[in-house]
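Peer 1: Quick one: this structure, given as structure tokens, is what I'll be asking you about.
The values are calculated or read from the model by the stated rules, or taken from the named source; none is laboratory data. In this text, all values refer to a predicted model and were calculated from it rather than measured experimentally. FYI the Cβ positions are ideal-geometry reconstructions off the backbone, even for glycines, and counts take in every protein chain you see. Each accessible area value is taken on the protein alone, full model and side chains, heavy atoms only, with ligands, DNA and RNA left out. Shrake-Rupley method; radii C 1.70, N 1.55, O 1.52, S 1.80 Å.
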Amino acid sequence: NATLADLTHLLSRLLSEKVQLNYQYGKELPNAFADGRQIEQVIMNLVINARDAMPEGGEIMLRSGTRDFDRNTRIERVIVPRGRYVSVKVSDTGCGIDPKNLGKIFDPFYSTKEEGKGTGLGLSVVYGIVKQTGGFVFCQSEPGQGTEFEILLPAHDGPIPEAPAAPSAGSRGTALSGLSVLLVEDEAPVRGFAARALAMHGVVVTEAASGEDALGLLADGELHVDIVVSDVVMPGIDGPGWVREAQKTRPDMQIIFVSGYAEESFAEEYPDIPHAAFLPKPFSLRQLIEKVRELAI
């Protein structure tokens, strides 16, 4: 509930006046053992998808609650083990999903969006994050009747572990404070959370939604960039394509490619890009910070 409440203002800014966002929080929820930032990323992905399914406007509803299973229970194609779960539902009154597409929506790079509207990695990221927590995500939808996603996270009734100590101000400042990062990502939720995480560590972040936008920004000789964080698959020119072009005039930029590819597949397909590191999707924001820190040292 605290995570959902913290997102209220951020989510509202992403929605048009025609889309109403409502909340219904369950009472006395158990704890769930999960990365709060990643859960924020999941919710934001689902809300963005709901918004895009309602170009003429509508309602998005966020609900939290608990579900108890007294025995192992089959839901769709999986078995949910018995036990208590925290449930988070994101529903909309949009266009719905064709039944023939429902089984593919969590596949990397599968998308029903129009060209230029995103690569479809949002739901793949959602699936990966939820599975990492030991949870489940389900979708119910009918054309013209809207869509509902439900996330089930196993309840955690043990002691709450202490959060790992944050890096000291000195070590954080030495590595990241004042660092200039160009963040290139066409999926707005992923870009927003990555930019937020970097900025919290003192990084100066410049955002671009495409390779073309990135090249336009780099054409300004006054823009200093230490590290580029770029998605690989994007509408228009892909990540390696625009980076190769940029390195003709900025050969010393460090590059972090972010991709749903396996790293081995990426290395085979794009072997000739200097100063390049790799970060697989889905990633935690902590992993992103550590990868940037590695290149900054």
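Peer 1: Among strands (runs of 3 or more DSSP E) lying entirely in segment 16-119, which contain 2 or more residues that are at pLDDT 95 or above?
Peer 2: Passing ranges, in order: 58-69, 83-92.
Peer 1: Being among the acidic types (D, E) and modelled with pLDDT under 90 is the requirement here; does E212 meet it?
Peer 2: In short, no.
Conditions (1) at pLDDT below 90; (2) more than 16 Å from the chain's Cα centre (by Cα); (3) open to solvent by less than 20 Å² (accessible area, probe 1.4 Å), marked per residue:
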position: H201; (1), (2), (3): yes, yes, no
position: V204; (1), (2), (3): yes, yes, no
position: G221; (1), (2), (3): yes, yes, no
position: S230; (1), (2), (3): no, no, yes
position: R244; (1), (2), (3): no, yes, no
position: Q247; (1), (2), (3): no, yes, no
position: V258; (1), (2), (3): yes, no, yes
position: E263; (1), (2), (3): yes, yes, no
position: A276; (1), (2), (3): yes, yes, no
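Peer 1: Just to verify a result, which residue in segment 6-38, among those that are in contact with a strand residue (DSSP E or B) (Cβ under 8 Å, 6 or more places away or on another chain), of a type in the set (A, V, I, L, M, F, W, C) and within 19 Å of D92 (Cα to Cα), is least open to solvent (accessible area, probe 1.4 Å)?
Peer 2: This residue is L11.
Peer 1: While we're here: Across segment 65-108, what is the number of residues that are open to solvent by 90 Å² or more (accessible area, probe 1.4 Å) and in contact (Cβ under 8 Å) with a residue 60 or more places away in the chain?
Peer 2: 2
Peer 1: If you don't mind, another one. Of A214, A194, A188, which residue is open to solvent by 20 Å² or more (accessible area, probe 1.4 Å) and small (G, A, S)?
Peer 2: A188
Peer 1: Inside segment 39-64, can you point out the residues that are hydroxyl-bearing (S, T, Y) and surrounded by 22 or more Cβ atoms within 10 Å (Cβ to Cβ)?
Peer 2: Within segment 39-64, no residue meets the criteria.
Peer 1: Also, quick follow-up: Name the residues in segment 30-72 that are within 26 Å of Q145 (Cβ to Cβ), under 20 Å from the mean Cα position of the chain (by Cα) and among the hydrophobic types (A, V, I, L, M, F, W, C), would you?
Peer 2: V42, I43, M44, L46, V47, I48, A50, A53, I60, M61, L62
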